[in-house]
1. State all residues of segment 118-135 that are modelled with pLDDT of 95 or more, of a type outside the set (A, V, I, L, M) and out of contact with any Asp or Glu (no Cβ under 8 Å at 6 or more places or on another chain); if no residue qualifies, say none.
2. Quick check on my filter: what residues within segment 183-196 are surrounded by fewer than 16 Cβ atoms within 10 Å (Cβ to Cβ) and at pLDDT 95 or above?
3. What residue, among those in segment 164-176 that are assigned to a loop (DSSP other than H, G, I, E, B) and touching a Lys or Arg at 6+ places or on another chain (Cβ under 8 Å), is nearest to Thr126 (Cα to Cα)?
4. Starting from segment 152-178, keep only residues that are without any contact (Cβ under 8 Å) to a residue 24 or more places away in the chain, then list their pairs with residues that are surrounded by fewer than 13 Cβ atoms within 10 Å (Cβ to Cβ) and small (Gly, Ala, Ser) whose Cβ atoms are within a distance under 7 Å, requiring at least 6 positions of separation or different chains.
5. If you scan segment 101-131, which residues turn out to be within 17 Å of Pro164 (Cβ to Cβ) and of a type outside the set (A, V, I, L, M, F, W, C)?
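The values are calculated or read from the model by the stated rules, or taken from the named source; none is laboratory data. Nothing here was measured: the structure is a model prediction, and the numbers come from that model. As a convention, Cβ positions derive from the backbone with ideal geometry for all residues, glycine included, and neighbour counts pool all protein chains shown.
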Amino acid sequence: MTHLGYSVKEDLLIEKYRPLKQIVPSSLCLTCDVCCRFPEETSFLAPFFTRDEIERLGPAESRFFHSPATGSKIKLQHHGEGCICPYFDPKTQYCKIYGERPLDCRIYPFALMRDPAGVVVLGIDTKCPYIQMHATDPQMKRDAEEVAAFLESESILPILATHPALIGPYQDDVITLRLLERITEAVGRSHPPIQP
Ligand code: SF4
Ligand code: SF4
């Protein structure tokens, strides 16, 4: 059974993501040159797509992924002096798959990473200009609690447990906000090798 080209199962995936609100105003993102651009083709910051997220894009899109059958990071494309996500339109600054963008992109500028002891933590990325301006706002703490509850919810936790590569390595320009005990318990403390 399909609805607007997607199966009911696939639509449920986007329903699961719906509680996550966008904290950065779109007007700021449209004037910013941080997201969706990367310094090199092998950047570990390239977004990771789960298997279901790749399937949802359709068979022709699997060419953009290293391992579409299991979920993987997207293959970045050379653009100017660096690289971009193939779904980024540098002319308009828009994501061409905005409604279907992956969880990894949806949570940004929050970030999932491991602290030096291997515990999964929720952080905020100071590479984002919005975070540079608002990291200490009381609202940021409230937003972080909402994002943590979302990520540790019954609907999202199994996705993270199946795709531990969604949890990145420690980055010292990401401010740690809180530990995520339920996710740590689900994925363990040791980081799997970073997959392409
Ligand atoms: S870095 Fe922040 S402000 Fe810039 S595009 Fe990304 S989320 Fe928007
Ligand atoms: S999927 Fe969209 S939001 Fe994510 S990196 Fe690519 S262009 Fe940016």
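1. Scanning segment 118-135 gives Gly123, Cys128, Pro129, Tyr130, Gln132, His134.
2. Kept after step one, since they are surrounded by fewer than 16 Cβ atoms within 10 Å (Cβ to Cβ), are these residues of segment 183-196: 185, 188-190, 192-196.
Hit for segment 183-196 is Glu185, nothing else.
3. If we take residues in segment 164-176 being assigned to a loop (DSSP other than H, G, I, E, B) and touching a Lys or Arg at 6+ places or on another chain (Cβ under 8 Å), then Asp173 is nearest to Thr126 (Cα to Cα).
4. Taking only residues 6 or more apart or on different chains, not a single pair turns up.
5. Filtering segment 101-131 down to residues within 17 Å of Pro164 (Cβ to Cβ) leaves 102-104, 107, 111-115, 117-123.
Residues satisfying the conditions are Pro102, Asp104, Arg114, Asp115, Gly118, Gly123.
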